[in-house]
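Q: Take this structure, written in structure tokens, and hold onto it; I'll ask about it next.
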Amino acid sequence: MARIKQLWDFINLCVSPLFRMISVVLTILSIVALVRDEGPREWAKYKFLRYLPDWRWQTWLILFLVVFVLAFVEGAYRLYQKEQQRGKPLFDAFDNPLEYKNVPPTRFTNILAALILTGIGMAWIYNVIYEPEPVKTPQLKPETSEAPPTLSDLFKSDLGSTLKITTEDSIKVPWENGDVTPIKAQLYTDFDAKVKFLGFYVPPSGRTYEICLRLVEAVEASIQNFQKNIGVSSGYRDERNKLQDLIFSGRVLIYHEDFLSIPEKAAIIQAYSAKHFDVQFRGPDYLADQVIAWHRQHNTKSAH
């Protein structure tokens, strides 16, 4: 224990008071800067905090270590010079460290301390006064389609606030003559609301009514297929929800190219309601409304 105390006294002897003062100032500034960056936001209202250098804690640590090493090397050199003058070996400093208390700092100490203080001051001034010009990023024009949307386009682009998962031709409806009608299925997910619902795109075939009735049996199977083959999750840390955790709302969207009469829609609604599904149609009339809206929007832009 006594030996450790002697070593500590020797280190204190090597480090001159000037370097100690610099180290204390750096330590205080680094602590205050850390409190400013990591402390409560209310503390940011104090104006003097913004004058502190905006450095990471690694920068403060490296600067402190550099100052300590330079101070120790310079102090050891001073002791060596003094021992050369007195003709005493170096280990005497451990046994009688107090004999060298009044060893004056060398010219190197003064120059080094001035450079350190000047560097810190210049970095401080640069951090406070200099404000870099904001980087100007080119404003990209939003991509707009040059042609009106198709129903297939709307099937993919509607309900942009939801996360959509689409399978191309995942459902194939067979017919007695050997023909097969491919159907696109799309799962809509809203992780914030913790719900999911389903959509189908029925291409033109002349059999849209029969296809819609047969798709009622494919709703639950399609959802199970998505959950089995797609791994999606969202949320904050331990509050993340998987696709399986979302509740199926019962909503089913059917995008159909062919016309459906009112009696046909009523029959389809009845078939889906029996399964506790809420079917909604997006057909030619819906497409016409969206095309009119597209033309109005583009005509307005052209007028400007």
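Q: Go over the candidates Leu260, Leu287, Leu253 one by one and state the one that is in a helix (DSSP H, G or I), under 25 Å from Leu187 (Cβ atoms) and in the same structural domain as Lys194 (by TED's automatic domain parsing). Steps first, please.
A: Details: Leu260 fails: in a helix (DSSP H, G or I); Leu253 fails: in a helix (DSSP H, G or I).
When all the criteria are applied, what remains is Leu287.
Q: Kindly check whether there is at least one residue in the stretch 222-237 that is part of a strand (DSSP E or B) and either under 30 Å from Pro148 (Cβ atoms) or among the charged types (D, E, K, R) (or both). Steps first, answer last, please.
A: Residues of the stretch 222-237 that are part of a strand (DSSP E or B), as a first pass: 233-234.
With the extra rule that they be either under 30 Å from Pro148 (Cβ atoms) or among the charged types (D, E, K, R) (or both), the set shrinks to none.
Checked the stretch 222-237: no residue is part of a strand (DSSP E or B) and either under 30 Å from Pro148 (Cβ atoms) or among the charged types (D, E, K, R) (or both).
Q: Let me ask something else. Which members of the stretch 49-64 meet the condition of being at pLDDT 70 or above and more than 15 Å from Val24 (Cβ to Cβ)? Full working, then the answer.
A: Start the filter on the stretch 49-64 by keeping residues that are at pLDDT 70 or above, which leaves 59, 61-64.
If the condition is that a residue be at pLDDT 70 or above and more than 15 Å from Val24 (Cβ to Cβ), then Thr59, Leu61, Ile62 are the ones that fit.
Q: Identify, by number, the condition in (1) under 39 Å from the mean Cα position of the chain (by Cα); (2) under 19 Å from Lys184 (Cα atoms) that Gly235 doesn't meet.
A: Unmet for Gly235, out of (1) under 39 Å from the mean Cα position of the chain (by Cα); (2) under 19 Å from Lys184 (Cα atoms): (2).
Q: What single numbered condition from (1) without any contact (Cβ under 8 Å) to a residue 60 or more places away in the chain; (2) more than 16 Å from Asp158 (Cα to Cα) fails to hold for Val232?
A: Among (1) without any contact (Cβ under 8 Å) to a residue 60 or more places away in the chain; (2) more than 16 Å from Asp158 (Cα to Cα), Val232 violates only (1).
Q: If you don't mind, another one. Any residue at all in the stretch 197-210 that's touching a residue at least 12 places away in the same chain (Cβ under 8 Å), in a strand (DSSP E or B), more than 30 Å from Asn177 (Cβ to Cβ) and out of contact with any Asp or Glu (no Cβ under 8 Å at 6 or more places or on another chain)?
A: yes
Q: Would you point out the residue of the stretch 147-184, among those that are touching a residue at least 40 places away in the same chain (Cβ under 8 Å) and within 19 Å of Gln224 (Cβ to Cβ), that is surrounded by the most Cβ atoms within 10 Å (Cβ to Cβ)? Reasoning before the result, please.
A: Taking the stretch 147-184 and keeping what is touching a residue at least 40 places away in the same chain (Cβ under 8 Å), we get 148-152, 154-155, 158, 163, 165, 167, 170-171, 173.
Right, trim to within 19 Å of Gln224 (Cβ to Cβ) and you get 163, 165, 167, 170-171, 173.
Working: Leu163: 15, Ile165: 16, Thr167: 16, Ser170: 16, Ile171: 19, Val173: 17.
This residue is Ile171.
The values are calculated or read from the model by the stated rules, or taken from the named source; none is laboratory data. Keep in mind the model is a prediction, meaning the values are calculated, not measured. We place every Cβ from the backbone using ideal geometry, glycine too, and count neighbours over all the protein chains shown.
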